[in-house]
Amino acid sequence: MSLVRSLYRAAAGAASACLGPVRLLRGEMGASWDAEYAERLGDAGGEGPVDLWMQASSVGEVRGSLPVLDAVRSRRPGAALLLTATTRTGREQARQAAGRIGAASGYFPFDFPGAVRRRLDRTRPAMIALFETEIWPELIATAAERGIRVAIVNGRISDESLPRYRLVRPLIRETLARLDLVAARTPLDAERFAGLGARADRITVTGDVKFDLPPPPDAGDVARFRDGFGLENGAPLLVAGSTADGEDPLVLEAFRATLRTAPSARLLLAPRHPERFDSAAESARSAAFTVRRRSAGETMPVPPGGVIVLDTIGELRLAYGAARAAFVGGSLVSSGGQNLLEPASAGLAPITGPDNSNFREAAARLEAADALIRVRNAVELGSAWAHALSDPQAAHARGERARGVVALGAGAGARSADLLLRLLDAPRGAVRS
């Protein structure tokens with residue numbers, strides 16, 4: 001065992017020791033808590049044998065992995081699939097998705113030697129696919145030692161994470177060198193993986209799976225969504241999707257400015273993380289807006305100038321389908337930006353702030369098609385919303401161009417699935433050296 005692996009295992013072992021009391025107290029903390037930590041500690045979940053284990057971190061990554069799993073399922077109807085996630089909201093999303101595609105689901109284990117060993121013993125996977133940047137040294141090393149093939153799917157190395165990986169370059173180099181496949185989103189991502197230690201002959205560029213979006217919501221579902229808030233026919237709805245910490249006040253300021261020329265508009269505010277639902281609602285109330293929360297099942301009409309807080313999981317696509325214009329959050333603050341393709345697939349030209357580092361290629365494609373609106377601050381966001389409402393024909397034309405960009409970029413899920421199945425079927429000697 002190398003020195004860097006030994007040091008990592010020692011640190012992981014120390015962290016695992018701190019969880020000793022957790023294991024002793026699990027049974028006293030309630031059934032749901034006990035079940036969660038049983039999976040995280042490798043004591044439950046993922047009964048094997050499994051043909052393909054897909055790990056995706058949170059809600060967005062779980063959704064992003066589904067085109068790959070759908071393609072695998074269509075090509076191998078009898079394959080045993082497992083979909084895991086790290087966060088609780090991701091775990092719930094995985095549970096829902098797994099039921100649709102006929103897969104098992106669960107929490108991803110802590111990257112501790114004991115937890116990884118126990119989960120692999122239970123799951124017995126033929127292959128593990130890690131979505132985007134799920135680089136877990138202990139899991140990858142232990143799987144490689146057992147002859148389990150490991151792939152990165154939709155691989156990306158963000159501007160933010162690259163310096164961190166360079167700080168632990170020896171560990172990352174050793175870890176990435178063990179991978180059997182890196183299916184990278186872009187040539188830049190491929191170059192970064194190679195520079196950090198992945199073998200060049202095992203890297204290929206497949207495109208971004210996040211272009212493979214499901215069809216837009218049914219018109220009837222969209223109508224019912226609007227009716228739930230009493231939005232009369234034609235009432236303009238503006239959406240601020242996946243907002244980050246510190247962004248809600250800017251969005252509310254922009255909405256107030258928009259109301260000067262479009263007083264009948266309503267705003268739907270959708271924070272990125274569930275722990276911010278309450279604070280988003282409070283921010284809107286503190287700014288003297290009438291607020292309705294989706295989770296409360298409130299069906300009273302939202303008055304002109306009112307704010308809807310989308311505090312549920314899995315309904316943002318419905319909101320984009322019901323909207324006249326949409327801002328995509330994480331971009332007015334330095335957070336890398338969120339998925340520009342979701343509103344684009346609904347026929348809306350995304351409005352974004354300056355930071356799109358997490359979706360650089362998607363932003364470039366949309367901008368090249370004149371299907372992206374960039375703003376620098378709340379004042380410009382308010383103006384962009386007002387312009388979209390005042391010139392619906394121009395907004396519609398730009399939105400259709402955005403929809404076309406999504407259609408042209410699709411196909412990475414099928415390409416990734418083909419690579420995974422080819423790797424799964426390959427003789428062992430053809431993969432590992």
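The values are calculated or read from the model by the stated rules, or taken from the named source; none is laboratory data. Given the structure is predicted, the values throughout are model-derived calculations rather than measurements. Here the Cβ is made from the backbone with ideal geometry for all residues, glycine too, and neighbour counts use every protein chain on show.
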Practice task
Take residue 196 and decide whether it is farther than 21 Å from residue 420 by Cβ and surrounded by 14 or more Cβ atoms within 10 Å (Cβ to Cβ).
Solution key: yes
Fill in the blank from the handout: Subset of the range 197-213, residues without any contact (Cβ under 8 Å) to a residue 60 or more places away in the chain, in a loop (DSSP other than H, G, I, E, B) and not hydrophobic (A, V, I, L, M, F, W, C), comes to 197, 199
Exercise for the section: Answer yes or no: is there a residue in the range 59-80 that is surrounded by fewer than 22 Cβ atoms within 10 Å (Cβ to Cβ) and touching a Phe, Trp or Tyr at 6+ places or on another chain (Cβ under 9 Å). Expected result: no
Practice task
Tell me, yes or no, whether the range 406-421 has at least one residue that is free of Cβ contacts under 8 Å to residues at least 24 places away in the same chain and not aliphatic (A, V, I, L, M).
Solution key: no
Problem - Exclusive hit being surrounded by fewer than 24 Cβ atoms within 10 Å (Cβ to Cβ), in contact (Cβ under 8 Å) with a residue 12 or more places away in the chain and closer than 30 Å to residue 261 by Cβ, set 358, 377 - result: 377
Practice task
Could you tell me whether the range 385-403 includes any residue that is buried (at least 18 other Cβ atoms within 10 Å of the Cβ), under 19 Å from the mean Cα position of the chain (by Cα) and in a helix (DSSP H, G or I)?
Solution key: no
Practice task
Could you tell me which numbered condition residue 11 fails, if it satisfies all but one of (1) surrounded by fewer than 22 Cβ atoms within 10 Å (Cβ to Cβ); (2) at pLDDT below 95; (3) in the same structural domain as residue 171 (by TED's automatic domain parsing); (4) in a helix (DSSP H, G or I)?
Solution key: (3)
Exercise for the section: Could you tell me whether the range 383-391 includes any residue that is assigned by TED's automatic domain parsing to the domain that holds residue 237, more than 16 Å from residue 60 (Cα to Cα) and without any contact (Cβ under 8 Å) to a residue 12 or more places away in the chain? Expected result: yes
Problem - Enumeration of residues in the range 175-186 that are in a helix (DSSP H, G or I) and surrounded by 19 or more Cβ atoms within 10 Å (Cβ to Cβ) - result: 175, 176
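Test residue 90 against the criterion of being assigned to a helix (DSSP H, G or I) and not charged (D, E, K, R), and give yes or no.
In short, yes.
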Exercise for the section: Being basic (Lys, Arg) and farther than 30 Å from residue 69 by Cβ is the filter; apply it to the range 214-261 and report the residue that is surrounded by the fewest Cβ atoms within 10 Å (Cβ to Cβ). Expected result: 260
Handout entry: Sole residue being out of contact with any Ser or Thr (no Cβ under 6 Å at 6 or more places or on another chain), more than 17 Å from residue 238 (Cα to Cα) and among the charged types (D, E, K, R), chosen from 380, 361, 367
Key = 367
Problem - Filter result (out of contact with any helix residue (DSSP H, G or I) (no Cβ under 7 Å at 6 or more places or on another chain), of a type in the set (S, T, N, Q) and closer than 23 Å to residue 339 by Cβ) within the range 243-299 - result: 279, 295
Problem - Qualifying residues in the range 398-423 (those that are touching a Phe, Trp or Tyr at 6+ places or on another chain (Cβ under 9 Å) and among the aliphatic types (A, V, I, L, M)) - the one farthest from residue 75 (Cα to Cα) - result: 405
